[in-house]
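First comes the structure, then the notes that go with it.
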Ligand code: DQA
């Protein structure tokens with residue numbers, strides 16, 4: 001059975017409440033339950049932190065052997081964190097970068113990603129479906 005982990009960065013614990021015009025009105029847990037039952041042939045796990053170092057620790061932990069793939073939405077740290085970019089470069093497990101919103105249709109500072117150069121691929125702007133497309137890329 002394939003094993004995939006979704007790692008979500010800062011403020012994504014507020015999905016459903018946070019700027020629903022941009023991020024939708026479903027909570028991540030509601031969405032996660034839906035995809036777990038839809039993709040029951042794979043083991044899906046989810047981790048979220050608002051803390052940069054904790055996200056780096058999780059990438060290290062998940063990045064060698066345990067998982068077939070990592071789906072990473074580093075949220076705002078995508079645009080600022082050399083450390084998260086370096087962690088993605090350092091680990092062995094392939095990482096697909098996802099974003100709910102189309103970051104290229106938003107402020108200029110969201111156009112830069114420290115993750116993209118080290119990701120297997122990038123999926124941007126399909127709402128929560130971005131995560132699903134990333135899952136499909138691993139199966
Ligand atoms: C985001 C886009 C980022 O620019 C923003 O800081 C987020 C969410 C997205 O999924 O659309 O928090 O990663």
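Derivation of every value follows stated rules applied to the coordinates shown; laboratory data play no part. Everything numeric in this text was worked out from a predicted model, so none of it was measured. Positions of Cβ are generated from backbone atoms using ideal geometry, with glycine treated the same way; all protein chains shown enter the neighbour counts.
Would you confirm, using the coordinates I've provided, whether residue 98 is touching a helix residue (DSSP H, G or I) at 6+ places or on another chain (Cβ under 6 Å) and over 14 Å from residue 6 (Cβ atoms)? No. Which one is nearest to the chain's Cα centre (by Cα) among residues in the range 1-24 that are surrounded by fewer than 18 Cβ atoms within 10 Å (Cβ to Cβ) and away from the ligand (no atom under 15 Å from the Cβ)? Within the range 1-24, the match that is nearest to the chain's Cα centre (by Cα) is 3.
Only one of the numbered conditions (1) more than 14 Å from the chain's Cα centre (by Cα); (2) closer than 20 Å to residue 135 by Cα; (3) surrounded by fewer than 17 Cβ atoms within 10 Å (Cβ to Cβ); (4) away from the ligand (no atom under 16 Å from the Cβ) is violated by residue 45, and that is (1).
Scanning the range 55-82 for residues that are out of contact with any strand residue (DSSP E or B) (no Cβ under 8 Å at 6 or more places or on another chain) and within 16 Å of the ligand (Cβ to nearest atom) returns 76, 77, 79, 80, 81.
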